[in-house]
Every structure is written in C-alpha cells, then in structure tokens.
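Here it is: the structure, laid out below.
Throughout, read-outs are computed from the coordinates displayed, never taken from laboratory work. Quick caveat: nothing in here was measured; it's all calculated off a predicted structure. Cβ placement follows ideal geometry from the backbone for every residue including glycine, while neighbour counts extend to all protein chains displayed.
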C-alpha cells in the first residue's frame, strides 16, 4: 500500500497516537476523513471541468467530422452511380484520361 510496509505503518500509527493522545485520536480521524472527502469532491469538480473544457468539444468535432465524412461518401456514391450511367457514352471514353497516363504522371511526380 503506497510503498509502506506493515512495520512502517505501525510506527506511523504509534507516532500519531502519541501526538494526538487516545482521547483526541477518534476526533482527529473524523476530521481527516472529512478532509479526504472534501478533497475528493474538489478533485471530482476539477476533473469534471477539465472534461467539459477538453473532451466535450472534441466529441462535438468528431461528430461533425463523421457527418462530413458521411456526406462525402454519399456524394461519391452518387457520382459513381452517375458515371456508371454516363459511361455508355463514347465521347466520355475519348475525353477521359487513360489510367496508364495517370500512372506515368504519378511516377514522374515521385521521381522529381
């Protein structure tokens, strides 16, 4: 427990007992318990404030990115569907870039 062995814990307890005395020890323990409870509430409040400041906006941004991604995917599907219908037109084949030309351009870009 916190790197303290049993003999060390016993020595600390004896020192506290000598310092406070047997009459005031229960009262001191009660005050210590209240202090610990108050510190826990304070740290929870800080943690909650940090969450509201950092994580809540991040979650909003994630949701917005997901919406935009879904919109982009739907637009891409519509474009693919529209191209499948338009691909039967011969002039589109002549004006469309050849995949080999695209690969050549890509290789030229990598080399430079």
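Can you figure out the FRET efficiency of residue 75 with residue 50, using R₀ = 35 Å and their beta-carbon distance, to the nearest 0.05?
0.40
Same structure, new question: At what distance in nm do the modelled label points of residue 32 and residue 63 sit from each other, each positioned 7 Å from its Cα along Cα→Cβ?
For residue 32 paired with residue 63, the spin-label model returns 4.6 nm.
Using 0.36 nm per residue, how much length does the chain from residue 41 to residue 83 gain when fully extended, once their Cα-Cα distance is taken away?
9.0 nm
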